[in-house]
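Peer 1: Sharing a structure below in structure tokens format, with a few things to ask.
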């Protein structure tokens, strides 16, 4: 009987060295690498890929930490590249942990949120903002900081720890598996959740409004009135009213969202339910509303929108701001991945989905609309839908 006494692993070969009482012999047997891989390069590349996805959350949490410590704002207020020592002195941290800041900045620099530049003839380096971190300055005109902090709040992150469990239970989305109620119910019951979500949506609305004014203002030409369905606290409407004189905005929202808000002659807040009735106007605006809902519910909402606007000949239309998933992969890998991230977020949080152009078109035609026009804007698109 041969008893293996030693196992030697040499990349592409496994050698068994064995002995018995009467003689010594050596048995060599070539074996395939694990999982059918043919070379050590493939094996190591696969390991690196798995590791990268296991630890990818560290990018998000490092970014959240930078926002909690106000690093983008500190560098912005410094008004020039900041040295590591200057940054440490400005941070609201336990100074005993100062020696860890360079490691945080190293990964954030690798992720292209900051850049290191020479600031003296002695090759002294300082950290400076990139276009991405400029969007994270909290008081900036198009700040994404509230959105980032909201999406990384434990309330929204926790459902991902229950994702596998959700596939096995009867709950409509993983958020319910984690919290025992829908996101909308939690927002009504918990003021903190309602507040951070409204702040997140308002910051994105202002970002979108500034973009539309710059690149798509013609879409609003000739309109005298518009209903912003699910328009939150009016972040979008406030910018548009100022940029489009004569265009009256009505924000249609749930009571807990707009409670206490006051409008004026050009901007009014109305409590209502888009599934029941939408006030009449020249156009209806829907930003990041339909992706929250199933196809069936989207058709119901779109039919209510169609009832609220005049005919196409009289200028009626629905203006939608949503992601159109690039199923033909015209976008680069990172952008397509981000769109798919949003789709997974909708499935997990509210039971909604992101859609391809074909899927959007079916909804429009099922709701009775006759045509649509798409203007691509980065990861999202402005869609004009005509009755």
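Peer 1: If I model a spin label as a point 7 Å beyond the Cα along the Cα-Cβ vector, how far apart are those points for residue 93 and residue 170 in nm?
Peer 2: My value for the distance between the label points is 5.0 nm.
Peer 1: So how tilted is helix 333-349 from the main axis of the chain? Cα-based, degrees 0 to 90, rounded to 10.
Peer 2: The two axes meet at around 70 degrees.
Peer 1: From the helices alone, meaning DSSP H stretches of at least four residues, give me the mean residue ellipticity at 222 nm for the chain, per-run term -39500 (n - 2.57), in deg cm²/dmol to the nearest 500.
Peer 2: Only helices count here, giving -12000 deg cm²/dmol.
Peer 1: Right, something else. Could you check what % of the DSSP bridge pairs in the chain are antiparallel, to the nearest 5?
Peer 2: Roughly 60 percent of the beta bridges in the chain run antiparallel, per DSSP.
Peer 1: Can you give the relative contact order of the chain as a percent, counting alpha carbon pairs under 8 Å and 6+ residues apart?
Peer 2: 9 percent
Peer 1: Let me ask you something else. Please compute, for the alpha-carbon atoms of the stretch 56-137, the extent along each of the three principal axes and give them in descending order in Å.
Peer 2: Largest first, the stretch 56-137 extends 38, 31, 22 Å along its Cα principal axes.
Peer 1: Please report the Cα spread of the stretch 191-235 along all three principal axes, rounded to whole Å, starting with the longest.
Peer 2: Principal-axis extents of the stretch 191-235 (Cα, largest first): 39, 20, 9 Å.
Peer 1: Taking only C-alpha pairs under 8 Å that are 6+ residues apart, what is the relative contact order of the stretch 237-332 in percent?
Peer 2: Here the relative contact order equals 23 percent.
Peer 1: Next question, about the same structure. Grab the beta carbon distance between residue 48 and residue 379, set R0 = 35 Å, and tell me the FRET efficiency rounded to 0.05.
Peer 2: 0.85
Peer 1: Cα atoms only, the stretch 103-205: Rg and Dmax in Å?
Peer 2: That works out to 19.0, 65 Å for Rg and Dmax.
Peer 1: Related question: If the viscosity is 1.002 mPa s and the temperature 20 °C, what Stokes-Einstein diffusion coefficient in µm²/s follows for the stretch 155-266 when Rh is the Kirkwood radius over Cα pairs?
Peer 2: Translational diffusion coefficient: 133 µm²/s.
Peer 1: Taking 0.36 nm per intervening residue step and subtracting the Cα-Cα distance, what contour gain separates residue 195 from residue 264 on full extension?
Peer 2: Contour length minus the Cα-Cα distance gives 22.6 nm.
Peer 1: What is the angle, in °, between the Cα long axis of helix 295-308 and the longest principal axis of the Cα atoms in the chain? Nearest 10 is fine, range 0 to 90.
Peer 2: With rounding to tens, the tilt is 20 degrees.
Peer 1: Over the residues of the stretch 25-183, compute the C-alpha Rg and express it relative to 2.2 N^0.38 Å.
Peer 2: 1.47
Peer 1: Related question: Taking 0.36 nm per intervening residue step and subtracting the Cα-Cα distance, what contour gain separates residue 221 from residue 130 on full extension?
Peer 2: Extra length available between residue 221 and residue 130 comes to 29.3 nm.
Peer 1: What is the angle, in °, between the Cα long axis of helix 57-68 and the longest principal axis of the Cα atoms in the chain? Nearest 10 is fine, range 0 to 90.
Peer 2: Helix 57-68 sits at roughly 50 degrees to that axis.
Peer 1: Using Cα-Cα distances under 8 Å and only pairs 6 or more residues apart, what relative contact order does the stretch 79-214 have, in percent?
Peer 2: Worked out over the stretch 79-214, it gives 19 percent.
Peer 1: Cα centroid distance between the stretch 47-101 and the stretch 149-171, in Å?
Peer 2: Here the answer is 26 Å between Cα centres.
Peer 1: Counting DSSP beta bridges with both partners in the stretch 277-387, what percentage is antiparallel, nearest 5? Please report the intermediate quantities before stating the final value.
Peer 2: Details: 13 of 19 bridges.
Percent antiparallel among DSSP bridges in the stretch 277-387 is about 70.
Peer 1: With 10 angstrom as the radius, rank 274, 105 by how many other C-beta atoms surround their C-beta, starting from the fewest. Show your work: numbers first, answer last.
Peer 2: Numbers: 274 23, 105 20.
Least to most surrounded, the residues fall as 105, 274.
Peer 1: Could you work out how far the C-alpha centroid of the stretch 196-275 sits from that of the stretch 301-370, in angstrom?
Peer 2: 19 Å
Peer 1: How big is the stretch 152-200 in terms of Cα radius of gyration and Dmax, in angstroms?
Peer 2: In Å, with Rg to one decimal and Dmax whole: 11.1, 34.
Peer 1: Once the Cα gyration tensor of the stretch 304-353 is diagonalised, what are the square roots of 5 times its eigenvalues, in whole Å and ordered largest first, as equivalent ellipsoid semi-axes?
Peer 2: So the equivalent ellipsoid measures 31, 16, 6 Å along its semi-axes.
Peer 1: If you take all C-alpha pairs in the chain, what percent of them are over 34 Å apart?
Peer 2: 44 percent
Peer 1: Provide, as a two-decimal number, the C-alpha radius of gyration of the stretch 220-281 over 2.2 N^0.38 Å, N being how many residues it has.
Peer 2: Taking N as the residue count of the stretch 220-281, the ratio is 1.05.
Peer 1: Next question, about the same structure. Viscosity 1.567 mPa s, temperature 4 °C: what is the translational diffusion coefficient of the stretch 263-387 from Stokes-Einstein with a Kirkwood Rh over Cα pairs, rounded to a whole number of µm²/s?
Peer 2: Taking Rh from Cα pairs, D becomes 85 µm²/s.
Only the coordinates and a few stated rules stand behind these numbers; no lab work does. Computed from a predicted model, the values in this text were never measured in an experiment. All Cβ positions, glycine included, derive from the backbone under ideal geometry; neighbour counts span all protein chains shown.
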